[in-house]
Amino acid sequence: MGVDRQLGALMPSTTLRIGDHEYRVDTIDGRVTVDGVEVEPPQRALAVADGDTRWVFFDGEVYEFEVQRTGRRRGTAHQGSLSAPMPATVRKINVAPGDAVNKGDTLLVLEAMKMELPIRAPSTGTVKTVSCTEGQLVQPGVVLVELE
Amino acid sequence: MTIGRVLIANRGEIAIRVTRACREAGIETVAVYSDADVDAPHVRAADRAVRIGAAAPSESYLNIPVIIEAAIGTGCDALHPGYGFLSERAAFAAACEEAGVIFIGPTADTIERMGSKVGARALMEQAGVPVVPGVTPADQSNAGLLAAVRSIGFPALVKASAGGGGKGMRTVDADAVAAEMIDGARRESMAAFGDGTLYVERLVRRPRHVEIQVFGDAHGRIVHLFERECSIQRRHQKVIEESPSPALTPRIRAEMGAAAVAAARAVNYRSAGTVEFLVDGAGDAAQFYFLEMNTRLQVEHPVTEAVAGVDLVRAQLAVAEGAPLPWTQESLTQRGHAIECRVYAEDPAAGFLPQAGRLLLYREPSGPGIRVDAGIVEGREVPVTYDPMLAKLTVHAETRAAAIDRAIVALRQYAVLGIRTNIAFLIRVLDHPSFRSGDLHTGFIDQHLDALTVRPEPSTALAGVAALAGTSSVRSTAHTAERVKPAADPWASIDSWGR
């Protein structure tokens, strides 16, 4: 898909975020400025886009920038809900709805890539829901346990 | 006896490694694959391929009858097990022998005798090889295991009796967590090896992990091919291995070599094997203890291939055909310095959490003294089902310092995007002053964890690169960017992931 110099010139400014840092990038006539200062993209850097993530490789380090879009915030899970960070199998469930848990308690154990991944309570509270069963294959982002 | 066709009962980089050696020896290869590996690089590398079942290892790469049937059905006269999966199952070697298929490795009897930690230990004590104090309690209940832990003393290691590779292993350093640790070890042990029997052992503080490569032939000749220092580990999984070990004096090296050969001789060892030792202390006063014997080719065998100038897999093929060892002990020397770095799909900053997903961009380094063994290609999905090791980078140079520099520069050229890896972490380990000075022990990563897992700020110029990645104006990567479909974001929940 060709975005040529002309279109590049029309490219609106992009805001990217890593951690707490935001970078405002403008492209004007093929020249790139970051926060108003012209930069020269390093020759050996490599980058790919994946949805709103921009993966950048340079000298052995990898940076994951997130494109910030106005009016569309990335849906973040509720404070008390815990989900798998990757596809995994639920190996063991230690809690049931109504159970009181302390910060650091192991709520359930997932298994992925032959490793066990304990899911621990991020804070003290009560188990509201458990929405998985032992042996179930779960996908990332799907809520497994909710605390309140 | 000449081998004409080999079935490779494995996947990933090791299957490709074995395929390459077979081809050099003029031997045909048959790959096996699960539903998760249709069209995987190891499948494409072989002359033929046979589907052996569903993605779950128990239904494919661990399914003995189906694999034996594949070997017979394709007219293979030998089978190479690689490492992991069935490579250390005596029943598998026996099934091959019964089916008239040569098992490229030791005999079933050898695997059996070394496979049980209890039996191996007794055998080693008999053979005069020093061992670490430990016990497999007859009472395998939590109470029985806890009693054993207390008698050995804290901290103790609880680990799979049948195991290896750090699976099913836990450190118990207090009564309070003992039950959870024992349960976890038993479950992992059951899942990985189909056997939940646990072994309890004294944990040596700040030990080094040094292993000796051994090799035997069918005529009773056994040699060692020096050591590999494997102290850089996390969660009992090796991360960086090197040879020579910066810690061994010539005297200790010779003593360990002799002990390893004695260990191998005690089980009539045939083919490539490794005797693992814990090393306590330094200089000529260092003590070493037999840990276990891995009755197979090791992940880190390229380190030995580099410093000894040998091809261990070709030698395995020759020995399996009944040929005598291609070397004598006197003909073997250690030359230069080799370092292997294991590239894992994992996030070191999030407790080394394994990662899965699609490789959006994958560029390997190359150059003099650089070897990459990989089982992956750009554009493919890294499945969640198998081991998170993506590739191995092995470098060889004249000195340890030069090998470290070479490894760092190679890693700085090793671009993997789309999945988080430990590459930047590996660079920080290699560049750490304590690593450079050779001050290694198995707790190295935990000790220096904060320094090794920092996430540096990108330069502002890289924000420019990132912004351009969404357009086609970044040369050489635009095509990749266009091909990639937005995928489900596994990190959406990373904030709520307890750690």
Note on the stretch B:356-369: residues in contact with a helix residue (DSSP H, G or I) (Cβ under 9 Å, 6 or more places away or on another chain) and either crowded, with 20+ Cβ neighbours inside 10 Å or within 11 Å of chain A (Cβ to nearest Cβ) (or both) are B:L360, B:L361, B:P365
Considering the stretch B:36-61 alone, what residues qualify as being at positive phi and in contact with an Asp or Glu (Cβ under 9 Å, 6 or more places away or on another chain)? B:G53
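On the basis of being closer than 23 Å to A:L46 by Cα, within 14 Å of chain A (Cβ to nearest Cβ) and free of Cβ contacts under 8 Å to residues at least 60 places away in the same chain, does B:V372 make the cut? Let's see the steps before the verdict.
On the way: closer than 23 Å to A:L46 by Cα: yes; within 14 Å of chain A (Cβ to nearest Cβ): no; free of Cβ contacts under 8 Å to residues at least 60 places away in the same chain: yes.
So B:V372 does not fit the description; no.
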Would you tally the residues in the stretch B:21-47 being out of contact with any Cys (no Cβ under 6 Å at 6 or more places or on another chain) and outside any helix (DSSP H, G or I)? 13
What helices (runs of 4 or more DSSP H) lie completely within the stretch B:427-477 and have 3 or more residues being under 23 Å from the mean Cα position of the chain (by Cα) and modelled with pLDDT under 90? none
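Tell me the residue from B:V50, B:V66, B:V18 that is in a helix (DSSP H, G or I), β-branched (V, I, T) and more than 21 Å from the chain's Cα centre (by Cα), please.
After applying the criteria, what remains is B:V66.
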Among the residues of the stretch B:92-106, is any open to solvent by 10 Å² or more (accessible area, probe 1.4 Å) and in contact with a Pro (Cβ under 6 Å, 6 or more places away or on another chain)? no
Give B:G379, B:G367, B:G351 a once-over and let me know the one that is more than 22 Å from the chain's Cα centre (by Cα) and either polar (S, T, N, Q) or more than 17 Å from A:F57 (Cα to Cα) (or both). B:G367
Based on what the data block shows, is A:D59 facing chain B (nearest Cβ under 7 Å), acidic (D, E) and in contact (Cβ under 8 Å) with a residue 12 or more places away in the chain? yes
For the stretch B:316-329, state whether one or more residues are among the polar types (S, T, N, Q), surrounded by 20 or more Cβ atoms within 10 Å (Cβ to Cβ) and assigned by TED's automatic domain parsing to the domain that holds B:A264. yes
Is it the case that B:Q298 is closer than 21 Å to B:V261 by Cα, assigned to a loop (DSSP other than H, G, I, E, B) and touching a helix residue (DSSP H, G or I) at 6+ places or on another chain (Cβ under 7 Å)? no
Among (1) in a helix (DSSP H, G or I); (2) more than 29 Å from B:L157 (Cβ to Cβ); (3) within 9 Å of chain A (Cβ to nearest Cβ); (4) of a type in the set (A, V, I, L, M) - the single one B:A407 does not satisfy: (3)
Can you tell me which condition B:A282 does not meet? The list is (1) surrounded by fewer than 24 Cβ atoms within 10 Å (Cβ to Cβ); (2) closer than 30 Å to B:M1 by Cβ, and all the others hold. (2)
All positions within the stretch A:121-131 that are under 22 Å from the mean Cα position of the chain (by Cα) and modelled with pLDDT of 80 or more: A:A121, A:S123, A:S131
Starting from the stretch B:304-324, take each residue that is more than 11 Å from B:I102 (Cβ to Cβ) and modelled with pLDDT under 95 and list its partners that are among the aliphatic types (A, V, I, L, M) and crowded, with 20+ Cβ neighbours inside 10 Å, counting only C-beta distances under 8 angstrom and pairs at least six apart or across chains. none
What number of residues within the stretch B:341-355 are open to solvent by 10 Å² or more (accessible area, probe 1.4 Å) and in a loop (DSSP other than H, G, I, E, B)? 2
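Residues checked against (1) at the interface with another protein chain (Cβ under 7 Å from one of its Cβ atoms); (2) over 12 Å from B:T460 (Cα atoms); (3) in contact with a Phe, Trp or Tyr (Cβ under 9 Å, 6 or more places away or on another chain); (4) loosely packed, with under 12 Cβ neighbours inside 10 Å:
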{"residue": "A:T14", "(1), (2), (3), (4)": "yes, yes, yes, no"}
{"residue": "A:D20", "(1), (2), (3), (4)": "no, yes, no, yes"}
{"residue": "A:D29", "(1), (2), (3), (4)": "no, yes, no, yes"}
{"residue": "A:V32", "(1), (2), (3), (4)": "yes, no, no, no"}
{"residue": "A:V39", "(1), (2), (3), (4)": "yes, no, no, no"}
{"residue": "A:R44", "(1), (2), (3), (4)": "no, yes, yes, yes"}
{"residue": "A:A49", "(1), (2), (3), (4)": "yes, yes, yes, no"}
State yes or no: is B:R170 open to solvent by 30 Å² or more (accessible area, probe 1.4 Å) and in a strand (DSSP E or B)? yes
For B:A338, all conditions in the list (1) touching a helix residue (DSSP H, G or I) at 6+ places or on another chain (Cβ under 8 Å); (2) open to solvent by 20 Å² or more (accessible area, probe 1.4 Å) hold save one; what is the number of the exception? (2)
Spot the failing condition for B:A397; the list is (1) buried (at least 16 other Cβ atoms within 10 Å of the Cβ); (2) within 7 Å of another protein chain (Cβ to nearest Cβ), and only one is missed. (2)
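The values are calculated or read from the model by the stated rules, or taken from the named source; none is laboratory data. This one's a predicted model, so the numbers in the text were calculated from it and none came from an experiment. Please note: Cβ atoms are built from the backbone with ideal geometry, for glycine as well, and neighbour counts cover all protein chains shown. Note: accessible area is taken over every heavy atom of the protein model, side chains too, but ligands, DNA and RNA are not part of it. Shrake-Rupley method; radii C 1.70, N 1.55, O 1.52, S 1.80 Å.
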